[in-house]
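K.L.:
My questions will all concern the structure given below.
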Amino acid sequence: MQHTDYMNLALQLAKATEGQTSPNPSVGAVLVRNNQVVGIGSHLFAGMEHAEIYAIDMAKANANGATLYVTLEPCVHHGKQTPPCAKDIIDAGIKSVYIATLDLNPEVAGNGVKALLDAGVHVEVGILEFEAKQLNQKFFYYIQNKLPYLTLKAGISLDSKLATYTTESKWISNPKSLADSYYYRHNHDAILVGIGTVLIDNPSLTTRIEGGGKNPIRVVLDTNLRTPLESNLITDGLSPTLIVCGNGVSDEQIAKFASFSLVKILKMPTPEIDLFIMLKKLAELQVTSILVEGGNKIISSFLDKGLINQLVLYIAPILIGGKNAPTFFAGTGFAKLSEALKLEFEPVEYLDGDIKIVANRVV
């Protein structure tokens, strides 16, 4: 096996935990001695052991003199419940460390490599670096910008309609597309909709992955706090719900939600909800990524301000038509082509007749 083979294995271990390690990154590690895998590990949940430690614990004495493949630079700082990994790597007697990508966290940022080199460990960086950065793109964006990574997802017709003029939308996308879309709920910290979606659909916004999955925090943009107390997001207890409202909402209105332990009200300092201020506040709550769903008003508000990082569209081979049927992107739009949001396509997928398009913002 080659270096890339072992790093590929480490990446697969990391991908298996995608969506469940926030606010930490997903990391995989493989220990090899005499061309045999003697230890593997992945970071499972925030607060639990890091991937390198699981691999070392599995290898036991075989870690001495072994080679470590890890998808992210080992840390050198004490976490809330975890010690620095670089020290354990050195103490285990590991002779070589191959790292896919450096950690952009200022508490690490090259210091992990320096600690290993200072201890006489052979270190190389860059094997499958692109794949490793893609895996943790949400974490890196959050660390660098102090904002959540935003993915906007929608199921639309071939003529970009979200629903018919009578608001019928279930289901434009086929079952395979719907099943695929639920994975995005699992691998984002939060899912965001507007009050219109709550009033019309009364959704639960949970992850419906077969065999389970992590339910995201439900975020509702509700300027005047009109969310019904009997709605699923308030009563089902399946995940925390955060309602964002304007400063015109009274304390009496907010007090009506006090008996629901998983429901919190986030009151903005302005009458209307400023999306950028809201995102900054969510980042302070360690929400590192948000999946934006909902109607064209919510979608357009984020697109108009250029706040999205990734766009995921499921396009069904149907034509709905109608000037009053809601279109995916309405809003104000951009006055000049030079101002338009620039995106790069990933390879197109076909899902039982639907087309799935993923496009990432050009930075």
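K.L.:
Taking H as built 1.01 Å from N, whose amide H comes closer than 5 Å to the amide H of Leu343, not counting residues under 5 places away?
P.N.:
Val362
K.L.:
If you wrap a convex hull around the alpha carbons of segment 121-192, what volume per residue comes out, as a whole number of Å³?
P.N.:
Convex hull volume per residue, Cα atoms: 165 Å³.
K.L.:
Is the shape of segment 1-139 rounded, prolate or oblate, going by the alpha carbon gyration tensor and its root eigenvalues a ≥ b ≥ c, with a/c under 1.5 for rounded and a/b larger than b/c for prolate?
P.N.:
Details: a/c = 1.33, a/b = 1.18, b/c = 1.12.
It comes out rounded by the Cα gyration axes.
K.L.:
Classify segment 235-281 as rounded, prolate or oblate, taking a ≥ b ≥ c as the square roots of the eigenvalues of its Cα gyration tensor: rounded when a/c is under 1.5, otherwise prolate if a/b is larger than b/c and oblate if not.
P.N.:
Because a/c hits 1.5 or more and a/b fails to exceed b/c, segment 235-281 counts as oblate.
K.L.:
Based on the Cα gyration tensor of the chain, what are the three equivalent ellipsoid semi-axes, each the root of five times an eigenvalue, rounded to whole Å and given largest first?
P.N.:
41, 24, 18
K.L.:
Kirkwood hydrodynamic radius of segment 238-363 from all distinct Cα pairs, in Å?
P.N.:
17.6
K.L.:
Next question, about the same structure. For segment 104-146, what size does the Cα cloud have along each of its three principal axes, sorted from largest down, in whole Å?
P.N.:
34, 23, 8
K.L.:
Something else: Which values, in whole Å and largest first, are the semi-axes of the equivalent ellipsoid of segment 281-320 obtained as the square root of 5 times each eigenvalue of the Cα gyration tensor?
P.N.:
Its equivalent ellipsoid spans semi-axes of 25, 12, 9 Å.
K.L.:
Can I ask one more? In whole Å, what is the distance between the alpha-carbon centres of segment 110-167 and segment 238-309?
P.N.:
23
K.L.:
Here's a follow-up. Around Gly194, which amide H atoms from residues at least 5 apart in sequence, or from another chain, sit under 5 Å from its own amide H, with H modelled in the peptide plane?
P.N.:
When sequence neighbours closer than 5 places are left aside, the close amide H contacts are Leu221, Gly295.
K.L.:
Using a 1.4 Å probe and ignoring any ligands, DNA or RNA, find the accessible area of Ile355 and quote it in Å² to the nearest 10.
P.N.:
50
K.L.:
Considering only Ala335, Pro317, Leu307, whose Cα is most displaced toward the positive end of the charge dipole of segment 302-363, charges sitting on Cβ of Lys, Arg (+1) and Asp, Glu (-1)?
P.N.:
Positive-most Cα among the choices belongs to Ala335.
K.L.:
Just reorder Met58, Met7 by solvent-accessible area, largest first, 1.4 Å probe, all chains present.
P.N.:
Working: Met58 105, Met7 0 Å².
The ordering from most to least exposed comes out as Met58, Met7.
K.L.:
Need the full-extension length gain, Asn64 to Glu284, defined as separation in residues times 0.36 nm minus the C-alpha distance. One decimal, nm.
P.N.:
Computed gain between Asn64 and Glu284 is 75.1 nm.
K.L.:
Something else: Grab the eigenvalues of the alpha-carbon gyration tensor for segment 126-259, scale each by 5, take roots, and send me the semi-axes largest first in whole angstrom.
P.N.:
28, 22, 15
K.L.:
While we're here: Under a point spin-label approximation (7 Å from Cα along Cα-to-Cβ), what is the Leu199-Phe45 distance to one decimal in nm?
P.N.:
Each label point is offset 7 Å from its Cα along the Cβ direction, giving 3.8 nm.
K.L.:
Let me ask another. Gly19's amide H: which non-local residues (gap 5+, or another chain) put their own amide H closer than 5 Å, with H modeled 1.01 Å from N in plane and none for Pro or chain starts?
P.N.:
The answer is none.
K.L.:
Can you give the helix-only mean residue ellipticity at 222 nm for the chain, where every DSSP H stretch with n ≥ 4 adds -39500 (n - 2.57) and the sum goes over all residues, rounded to the nearest 500 deg cm²/dmol? Intermediate results must be reported in sequence, preceding the final value.
P.N.:
Details: 12 runs with 100 residues, N = 363.
Result for the chain: -7500 deg cm²/dmol, rounded to the nearest 500.
K.L.:
Calculate, in whole percent, how much of the Cα-Cα pair population of segment 298-363 lies beyond 20 Å.
P.N.:
40
K.L.:
May I have the convex hull volume per residue, in Å³, for the Cα set of segment 219-302?
P.N.:
So the per-residue Cα hull volume is 104 Å³.
The values are calculated or read from the model by the stated rules, or taken from the named source; none is laboratory data. Only a predicted model underlies this, so the values are computations on that prediction, with no experimental measurement involved. So basically every Cβ, Gly included, is an ideal-geometry build from the backbone, and we count neighbours across all protein chains shown. Surface areas here come from the heavy atoms of the whole protein model, side chains and all, with no ligands, DNA or RNA. Shrake-Rupley method; radii C 1.70, N 1.55, O 1.52, S 1.80 Å.
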